[in-house]
Amino acid sequence: MMLQEDFRKEAHFDLLLNDSSAMRLILIFTLFIIPLFSTGQSNLCKTDGKIDPARDSLKFHHFQSLLSYNLANPQIQNRSVQYFPVVIHVVSRQTTNPVSEAQVLNQLDVINADFSGNGENILKLLSEFVPLLGRGEMKFCLATVDPNGQATSGITFTHTDIPNIALQSGPEGRIAVFYDQLGGKTGWDPTRYINVWIGEYGDFLGSASFPGAAPFSEEIGIVIDPQYFGSIGEAGNSGVYGRGHTLTHEMGHFFGLKHIWGKGFDANCDDSDDVPDTPNAEGPYFGCPSGQRISCNSSDMYQNFMDLTDDRCLAAFTKGQVAYMQSAIETYYPGLAVDGECATYTDSYSDWYAQLIWSYDASSNTYVIYSDEILDQVRKVEVYGVDGRLAYTNYWDDQQTHLMNLSALASGIYFVRIAGDGNKYFVRTIVLY
Ligand SMILES: [Zn+2]
């Protein structure tokens, strides 16, 4: 590990506190800016696998007995879908919100597909692991109502001047990104919302609090560096981590999962992730291996979301991991799931088409089409040149966003044809520059 910048800066901030007599007390304190390290790959995820909830607590005993029951009763895989409201707090040094609604919806589509066992890499899963595939009946929706009962987009934006705010700490080691008073954004009630902060995180991709183990209740949630949030926008240029699976991994931690190889980053076969069906591995994998890889006398599941391989490699949770997460949700987040669904649904193809929003993300050469309403049928999306030649074809299932990467096409006029049920279809003209 190399020290990249050998400096320690101090900055002064005003902390506003309200005491019981509503007097305002202004404290001046010092916020240390941590020296930046050039981190190795082992530090991609800042969630420390050693953090466990107190093992002697009543809650932990409840969790363990529930887990044993859930593991022994595989029909839990068929339970009804739980919907979790998510609020995205963008904390940025840019003056306007750099994270678009399309980027957020795209990110939620990615994790919803991953959790249901239908992620983009599922067909790459090594055949020996296909029987282990877990399908979590969990869906993540943008919050539509804020803690005061007001309608919300589910996205907040806070401007900050603090670089790498997810690494900066204030009094008692509180991390700045989680607090209004420290230049970040105080989250919403963590018993009702999953708070996800988007903030600069040095060389880290992200981190999450473990169930029952956050140092402060304000710090319950997930942090993702903006470069690795979703698969379009700024994330579209993030190379091997630019497909949105970092949030899947951190959501796994948030629901209690440890890294698949066990605790810490040391290579050894003596520790475990405490999930019975995940193969024991010596340590993490990076990049995107292929074929069978053996350690600790078994084939390693390097395509598991809780490993550290590239986004193009991450494919699956196991049934045991899903049972583990469901047990953690029941024990530690009993009020988090809501009744209702992530989006409104419509049967009318023309109503659905009329409300589509079309946008172009130049940084990733991607056309984004997104809908507030879900049409419960697969649609076929085709792009034709003016000469009638078919240039692109893909299917759009029940996700809210559809991404068309048209970077391989020459400049010119194209027609996008979206076909719904039966013979109904609409055509829209687009121009590529
Ligand atoms: Zn991790």
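Can you work out the FRET efficiency for the pair Gln94 and Ala354, with r the C-beta to C-beta distance and R0 = 22 Å, to the nearest 0.05?
That pair, Gln94 with Ala354, gives E of 0.10.
Ala267 to Asp421: extension gain in nm, 0.36 nm per residue of separation minus the Cα-Cα distance?
Stretched out fully, the Ala267 to Asp421 stretch lengthens by 50.2 nm.
List Phe157, Phe63 from most exposed to least, where exposure is judged by having the fewest other Cβ atoms within 10 Å. Mind dumping the intermediate values first?
Details: Phe157 18, Phe63 22.
Exposure proxy ranking, most exposed first: Phe157, Phe63.
Relative to a virtual label point 7 Å from the Cα of Leu390 in the Cα→beta-carbon direction, which members of region 345-383 show backbone nitrogen distances below 18 Å?
Backbone N within reach: 378-383.
Consider all pairwise Cα distances in region 290-376 and report the whole-number % of them above 16 Å. Mind dumping the intermediate values first?
Values: 2800 of 3741 pairs.
It works out to 75 percent of all Cα pairs.
Contour minus end-to-end for Tyr345 and Ala151, with contour as 0.36 nm per residue of separation and end-to-end as the Cα-Cα distance?
Residue separation times 0.36 nm, minus the Cα-Cα distance, leaves 68.0 nm.
From the square roots a ≥ b ≥ c of the eigenvalues of the alpha-carbon gyration tensor of region 211-324, which class results: rounded (a/c under 1.5), prolate (a/b over b/c), or oblate?
oblate
Which links in Lys46/Lys258; Lys258/Lys319; Lys124/Lys380; Lys380/Lys424 stretch past 18 Å when you go from one Cα to the other?
Flagged as over cut-off: Lys124/Lys380.
How big is the C-alpha Rg of the chain next to the rule-of-thumb value 2.2 N^0.38 Å, as a ratio?
Taking the Cα Rg and dividing by 2.2 N^0.38 Å, one obtains 1.02.
What is the order of Asp270, Asp397, Asp225, fewest Cβ neighbours within 10 Å to most?
Listed from fewest to most nearby Cβ atoms, that is Asp270, Asp397, Asp225.
Hey, fewest Cβ within 10 Å first, where do Arg389, Arg428 land in order? Don't skip to the end; give the middle numbers.
Working: Arg389 9, Arg428 14.
Starting with the residue having the fewest Cβ neighbours, the order is Arg389, Arg428.
Computed from the coordinates by the stated procedures, all read-outs in this text should not be read as laboratory data. This one's a predicted model, so the numbers in the text were calculated from it and none came from an experiment. Backbone-built Cβ (ideal geometry, glycine too); neighbour counts: all protein chains shown.
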